[in-house]
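Asks: Quick one: this structure, given as structure tokens, is what I'll be asking you about.
The values are calculated or read from the model by the stated rules, or taken from the named source; none is laboratory data. No experiment lies behind these values; they were computed from the predicted model shown. Glycine also receives a Cβ, built like all others from the backbone with ideal geometry; neighbour counts cover every protein chain displayed. For the accessible areas, the whole protein counts, side chains as well, though only heavy atoms, and no ligand, DNA or RNA atoms are used. Shrake-Rupley method; radii C 1.70, N 1.55, O 1.52, S 1.80 Å.
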Amino acid sequence: MTGNLLILTAPSGAGKTSLVHALLERDAHVRLSISYTTRAPRPGEVHGQDYHFVSVGEFMAMHADGAFLESAEVYGNHYGTSEQWIREALTTGQDVLLEIDWQGAEQVRRLFADAVGIFIVPPSLVVLQQRLQGRGQDSAEVVERRLAAAREDISHMGEFDYVIINDDFDTALADLQAVLRACRLRVNDQRARHAELFTSLS
Ligand SMILES: Nc1nc2c(ncn2[C@@H]2O[C@H](COP(=O)(O)OP(=O)(O)O)[C@@H](O)[C@H]2O)c(=O)[nH]1
Ligand SMILES: Nc1ncnc2c1ncn2[C@@H]1O[C@H](COP(=O)(O)OP(=O)(O)O)[C@@H](O)[C@H]1O
């Protein structure tokens, strides 16, 4: 039985990293894919934990080798998901979260028809600006660029299966847990579980 593949997409600053980390602390059966990026690490970010930070040359070499399940240029940097890691994690039955942008989500959907797309939105653009500024990790120019892209990001909401409004954090986290729970109750997984149960009882 393979795991569920969940795609999480949001405008920068909407709160997806905070939500994902809170989910991972509470749920031992879900794993987060660590992306490769050419973006410089933010203060406190750890190589191999937040991202695999690589040079543009290294990224391009991996891309040419077909190492990425999907990749995209987002806000001026390259990002990509390791295909090998994802396939291994799914094969061992673990649920996998991809924290990627809408371009990557489009590519993954084409490869995994069963992938579940979740779009996270801030309650307003004013709140988004406050969160980006409050995070205190990006220059004013970077914040401006990400805010300017937010409307375009949000215009892709309709391509996703679920939308979570991250206003109150605990409510948004409960919503995310509910979506994961619903995924685990999908017929293919449940049919396999039910068959195992039936066999062991008979
Ligand atoms: N397509 C794609 N997008 C990614 C990947 N990793 C991160 N991103 C997206 O890149 C954007 C910027 O991420 P980041 O620089 O960490 O900024 P943050 O979202 O503000 O924390 C976000 O929309 C991420 O979802 C990836 O592997 N593939
Ligand atoms: N529901 C919320 N209410 C208030 N602040 C939040 C909420 N969710 C996230 N934040 C804060 O907003 C900022 C951006 O969140 P982050 O998880 O880094 O966003 P993203 O990964 O989508 O860019 C962080 O400082 C985080 O603590």
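Asks: Per DSSP H run of n ≥ 4, the term is -39500 (n - 2.57); total these for the chain, divide by its residue number, and report the mean residue ellipticity at 222 nm rounded to 500 deg cm²/dmol. Before the final figure, lay out the partial values.
Replies: Values: 8 runs with 96 residues, N = 202.
Rounded to the nearest 500, it is -15000 deg cm²/dmol.
Asks: What is the sum of charges around Asn166, taking Lys and Arg as +1, Asp and Glu as -1, for the other residues whose C-beta is under 15 Å from the C-beta of Asn166?
Replies: Values: positive: Lys16, Arg131, Arg135; negative: Glu99, Asp153, Asp167, Asp168, Asp170, Asp175.
Around Asn166, the charge tally is -3.
Asks: Please build a GNM for the chain, connecting alpha carbons under 10 Å apart, and tell me which residue among Ala115, Ala192, Ala149 fluctuates the most.
Replies: Ala192
Asks: Further, regarding this structure: Using +1 at the Cβ of each Lys and Arg and -1 at the Cβ of each Asp and Glu in the chain, identify which of Leu147, Tyr75, Val121 lies farthest towards the dipole's positive end.
Replies: Looking along the dipole axis, the top candidate is Val121.
Asks: What residue among Leu176, Leu128, Leu185 has the largest mean-square fluctuation in a Gaussian network model of the chain, using Cα springs under 10 Å?
Replies: Its mean-square fluctuation being the largest, the pick is Leu185.
Asks: Would you work out which of Gly158, Cys183, Gln107 lies farthest towards the positive end of the dipole of the range 5-201? Charges go on Cβ: Lys and Arg +1, Asp and Glu -1.
Replies: About the Cα centre, the residue reaching furthest to the positive side is Cys183.
Asks: Okay, moving on. What trypsin sites (Lys or Arg not before Pro) does the range 132-202 have in DSSP loop regions with at most 10 other beta carbons within 10 Å? Please report the intermediate quantities before stating the final value.
Replies: Working: sites: Arg135, Arg145, Arg146, Arg151, Arg181, Arg184, Arg186, Arg191, Arg193; in loops: Arg186.
Filter output for the range 132-202: empty list.
Asks: Rounded if a/c is under 1.5, else prolate if a/b beats b/c, else oblate: with a ≥ b ≥ c from the C-alpha gyration tensor eigenvalues square-rooted, which is the range 56-202?
Replies: Numbers: a/c = 2.65, a/b = 1.42, b/c = 1.86.
Oblate.
Asks: Take the alpha carbon atoms of the range 23-48, find their center, do the same for the range 177-202, and report the distance between the two centers in whole angstrom.
Replies: 29
Asks: Ignoring ligands, DNA and RNA, what percent of the 1.4 Å accessible area of the chain is carbon and sulfur?
Replies: Exposed carbon and sulfur together represent 52 percent of the surface.
Asks: Connecting C-alpha atoms closer than 10 Å in a GNM of the chain, tell me which of Gln103, Gln130, Gln177 has the biggest fluctuation.
Replies: Sorting by GNM fluctuation, first place goes to Gln130.
Asks: While we're looking at this one, here's another question. Mind checking the range 30-102 for GluC sites (Glu not before Pro) that DSSP puts in a loop (not H, G, I, E or B) and that have at most 14 other Cβ atoms within 10 Å? The partial results should precede the final answer.
Replies: On the way: sites: Glu45, Glu58, Glu70, Glu73, Glu83, Glu88, Glu99; in loops: Glu45.
Within the range 30-102, the qualifying GluC sites (Glu not before Pro) (loop, at most 14 other Cβ atoms within 10 Å) are Glu45.
Asks: Charges at C-beta only: +1 for Lys and Arg, -1 for Asp and Glu. How large is the resulting dipole of the chain about its Cα centre, in Debye rounded to 20?
Replies: On the way: 18 positive and 28 negative charges, 65 e Å.
Dipole size: approximately 320 debye.
Asks: Please calculate how many Å² of accessible area the range 5-201 carries per residue, with a 1.4 Å probe and no DNA, RNA or ligand atoms counted. Before the final figure, lay out the partial values.
Replies: On the way: 10470 Å² over 197 residues.
Accessible area per residue, the range 5-201: 53 Å².
Asks: Please give, to one decimal in nm, the separation of the simple spin-label points placed at Ala40 and Thr91, each 7 Å out from Cα toward the Cβ.
Replies: For Ala40 paired with Thr91, the spin-label model returns 3.9 nm.
Asks: Also, I was wondering about something else. Using alpha carbon centroids, what distance separates the range 123-169 and the range 60-80, in Å?
Replies: 23
Asks: Restricting to the range 5-201, compute how many DSSP beta bridges are antiparallel as a %, nearest 5.
Replies: Roughly 30 percent of the DSSP beta bridges within the range 5-201 come out antiparallel.
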